[in-house]
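Comments concern the structure below.
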Amino acid sequence: DSGVTQTPKHLITATGQRVTLRCSPRSGDLSVYWYQQSLDQGLQFLIQYYNGEERAKGNILERFSAQQFPDLHSELNLSSLELGDSALYFCASSVKSAGETYNEQFFGPGTRLTVL
Amino acid sequence: GENVEQHPSTLSVQEGDSAVIKCTYSDSASNYFPWYKQELGKRPQLIIDIRSNVGEKKDQRIAVTLNKTAKHFSLHITETQPEDSAVYFCAASISTDYGQNFVFGPGTRLSVLP
């Protein structure tokens, strides 16, 4: 168990709908990363938050948005869903300690989204 | 930005043989290189990592080497076992004021045949 939690585990919805995925980082981790993994594909970086602020953006669609709350949990919102959005969505967390150069990243169990 | 290439995309070995997966990166500022193992439908799990000030690191049957000049790093698994079968991802990472920025390779599917 990495200490990163994600809910829900599975989500089945219809095209055009909107869903929210939730992530709680490991205790003490300030950074949250979101990744999308389509079937048999690699890890596509979507977005990173650090202590409530957006810090890096990858290939995230305009229909997708995220935020990190004061308690450091994060939510990824996916709207106007399309069939191609079906994927595993992973959250990962990492800590940035003062004076620490290298920061390991740990993944949550993922949310499997199926769009019908 | 950073680009990470990974080869081979698939690899089959006999149980007990060694497996080697190679990655190259483009940004010389990358300073941290983790390797992740992902079993079907599960989370990527960190199995070993190497920092830019180290050339080689070993943990039991797993080792990683880094050549900063050539900008490539490799994962070596010796005495492979069926439970080593999984997809392996390399990543190159740059330190920022807000933690690391990770760029992943496309993955290698390793099959260990009994």
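Values in this text are rule-based calculations from the coordinates and carry no lab data. Nothing here was measured: the structure is a model prediction, and the numbers come from that model. Using ideal geometry, Cβ is built from the backbone for each residue, glycine included, and neighbour counts are taken over all protein chains shown.
Taking every Cα-Cα distance in region B:17-70 and sorting them into 10 Å bins from zero, the calculated P(r) comes out as 20, 51, 26, 3 percent. About its Cα centre, chain A has a charge dipole of approximately 180 debye under the convention of +1 per Lys or Arg Cβ and -1 per Asp or Glu Cβ, with nothing else charged.
For chain A, the residue among A:His10, A:Gly52, A:Ser65 whose Cα projects farthest onto the positive side of the dipole built from Cβ charges is A:His10. Shielding of peptide A:51-57 by partners, expressed as the average count of other chain Cβ atoms within 10 Å per residue Cβ, is 2. Which one, B:Phe33, B:Pro82, B:Ile21, projects farthest toward the positive side of the charge dipole computed for chain B from Cβ point charges (K/R +1, D/E -1)? So the residue we want is B:Phe33.
Using alpha carbons only, the radius of gyration of chain B set against its Kirkwood radius gives Rg/Rh = 0.97.
Taking the alpha carbon gyration tensor of region A:8-90, multiplying each eigenvalue by 5 and rooting it gives semi-axes of 22, 13, 12 Å, largest first. Could you tell me the relative contact order of chain B? Use alpha-carbon pairs under 8 Å, at least six residues apart, and round to a whole percent. 36 percent. Among residues other than A:Lys9 with Cβ under 13 Å from its Cβ, the summed charge is +4 (Lys and Arg +1, Asp and Glu -1). Need one word for the protein assembly as shown: rounded, prolate or oblate. Basis is the Cα gyration tensor (sqrt eigenvalues a ≥ b ≥ c); a/c below 1.5 gives rounded, then a/b vs b/c decides. Oblate, since a/c reaches 1.5 and b/c is not below a/b. Each Lys and Arg contributes +1 and each Asp and Glu -1, all at the Cβ; summed about the Cα centre of chain B, the dipole is approximately 120 debye.
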